[in-house]
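Remarks on the structure that follows.
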Amino acid sequence: MPNPSCPSPCNVLLLGNGGREHALAWRLRQSPRLGALWLANPGNAGLDALGRACPEPMDLKNAFQMKRWCDRNDIHLVVVGPEGPLAAGIVDALAAPHRQVFGPTREAARLEADKAFAKQVMRHAAIPTAEARVFTDPSAARRYVEARDEPFVVKATGLCAGKGVVVCDDLEEALGAIDRMMVRAEFGDAGRTVMIEERMSGPEVSVLAFVDGRTIWVMDPCQDHKRVGEGDTGPNTGGMGAYCPTPVIDDRTLTIVEREILVPTVDALRRDGVVYRGVLYAGIMLTPAGPKVLEFNCRFGDPECQPLMLRLRSDLVELLWATCTGALDEAEVRFDPRPACCVVMCSAGYPGAVEKGAPIEGLDKVGELAGEGEEIVVFHAGTARGPDGSIVTSGGRVLGVTAMAGTLEAARDLANRGCDRIAFPGAHFRRDIGAKAAPAAGRPNELPTESS
Ligand code: AMP
Ligand code: GLY
């Protein structure tokens, strides 16, 4: 079947409203091919400035309405940021001969949405990952951990916005996690089935790849920072910052990840009749026994997307189109060699409950910090326009201050200085995003671990 070529202008509908989507919209806007950029969700203040809000609210559960709207507005490309709509089958619902939808189908998105399914795929394809057992009965889960004297990780198998994983230090904690997920149903249906995993150790990296069904294009590896506090302390968050490329994984190991993890996963799905298209994101732990999969995500990471988009040099409309149409082997995929670092500024109380509506100052004082050969962009996540038009906080993760420079050290420093220019009551961020890369020179796989 011939690949439809990318229309010009190409009208795009973007789904999602966080920092990742602001970064995608920002890069889409720079494509000469971009026609109208429509936003399906009420976005943040940064995103809203780049696109047009759909006049009628887009109910992602109402595929019929969305499809009709896309048809009437001549949407050529739908870009799906978050996992929720992918898991709900938005790609299957909106795809049409005259339209491409960037992201995997519902069946393929199960790699993220159903951890038990992902584990089964990995087991059948002999992909390196933690040993695990899946339970639907809480008594059986309890008996399993009680009978073994080893550290476990208890995971809700469904989508929990990164919160359904408990890394347990002892039996009591594992029993508590089983109880909260399976009996008290703190994660609703997502936690009714749990997976109990062997606890691994080692540094973590995020390896993201464009996948067009056949061809895989592995992007430079990123490192996220999940704990709220500097030095990886405190509770887990959605991600406090990310940088790219990370030297934590060397080229040889990255090749192993591609050959022994990404390629066999896509092949295994295809053997079962499931064609994977979109971004495949493998959360990898570099264990003493080699790289192993922690989880798969079926989309760009947030905040990994922010440094990746700052570094992307190719035309994003063309690249996403090529990925959707199976033409990745002919596409030009090019990233700036300079490292980029995104530092996330959060509201007081995050990752717990936060107050919204705090005025944000200094956003216009950041751009001037970039010196020659440097770039800095503030991607919005949880921001909104206040009644007087000023920009206020509206969520836990507020901004992703993202900088690119000649060295990672300089990018990190620039991003931190950017954060220093911005003020809102209770603002906090980690100054050590990317610091783990610093001692890496020469011995990339002997770094302190994300979870240690
Ligand atoms: P996940 O959402 O499955 O990536 O898990 C969230 C975080 O929990 C990961 O980034 C790791 O820090 C930690 N984690 C998950 N699985 C394991 C495991 N099997 N061993 C050790 N740490 C883990
Ligand atoms: N940065 C982690 C995620 O997007 O899941």
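What follows is calculated from the coordinates using simple rules that are stated; it is not laboratory data. Computed from a prediction, not measured in an experiment: that's the story for all the values here. Note that we place each Cβ from the backbone using ideal geometry, even for glycine, and neighbour counts take in every protein chain shown.
Couple of notes before you dig in:
- Span from the region 254-292 Cα centroid across to the region 227-249 one, whole angstrom: 22
- Residues whose amide H comes within less than 5 Å of that of T129, counting only those at least five positions distant or on another chain, are V293 (H built at 1.01 Å from N in the peptide plane).
- Over the chain: helical MRE at 222 nm, DSSP H runs n ≥ 4 each giving -39500 (n - 2.57), nearest 500: -7000 deg cm²/dmol
- Length-normalised contact order for the chain - Cα pairs under 8 Å, 6+ apart - percent: 17
- Cβ-based net charge around G367, under 11 Å, with every Lys or Arg adding one and every Asp or Glu removing one: -2
- Dividing the C-alpha radius of gyration of the chain by 2.2 N^0.38 Å, with N its residue count, gives 0.95.
- Amide H to amide H, with H built 1.01 Å from N, K163 comes under 5 Å of no residue 5 or more places away or on another chain.
- Difference of contour (0.36 nm per residue) and Cα-Cα distance, D336 to E172: 54.2 nm
- Cβ-based net charge around A118, under 10 Å, with every Lys or Arg adding one and every Asp or Glu removing one: +1
- Rounded to whole numbers, the Karplus 3J(HN,Hα) couplings from phi for region 65-71 are 4, 5, 4, 4, 5, 4, 4 Hz, using 6.51 cos²θ - 1.76 cosθ + 1.60 with θ = phi - 60°, and x at Gly and Pro.
- For V183 and E368, the difference between the fully extended length at 0.36 nm per residue and the C-alpha to C-alpha distance is 61.2 nm.
- Diffusion coefficient, µm² s⁻¹, Stokes-Einstein with Kirkwood Rh over alpha-carbon pairs of region 295-411 at 37 °C and 0.692 mPa s: 202
- Kirkwood hydrodynamic radius of region 283-330, from the reciprocal of the average inverse Cα-Cα distance over all distinct pairs: 13.1 Å.
- Base-10 log of normalised Debye intensity for region 17-159 (one unit scatterer per alpha-carbon) at q = 0.18 Å⁻¹: -1.04
- Percent RCO, i.e. relative contact order, over region 1-134, from Cα pairs under 8 Å lying at least 6 residues apart: 20
- Residues with amide H under 5 Å from that of G301, placed H, sequence gap 5 or more: none
- Remark: region 278-291, residue by residue, has Karplus-estimated 3J(HN,Hα) of x, 9, 10, 10, 9, x, 10, 10, 8, 7, x, 8, x, x Hz, where x stands for each Gly or Pro and the curve is 6.51 cos²θ - 1.76 cosθ + 1.60 at θ = phi - 60°.
- Remark: for residue pairs K226/K436; K292/K436; K155/K292; K226/K356, the C-alpha separation exceeds 18 Å in K292/K436; K226/K356.
- Taking θ as phi - 60° and the Karplus parameters 6.51, -1.76 and 1.60, the scalar couplings of region 75-84 work out to 6, 8, 9, 10, 10, 9, x, x, 6, x Hz in sequence order, x denoting glycine and proline.
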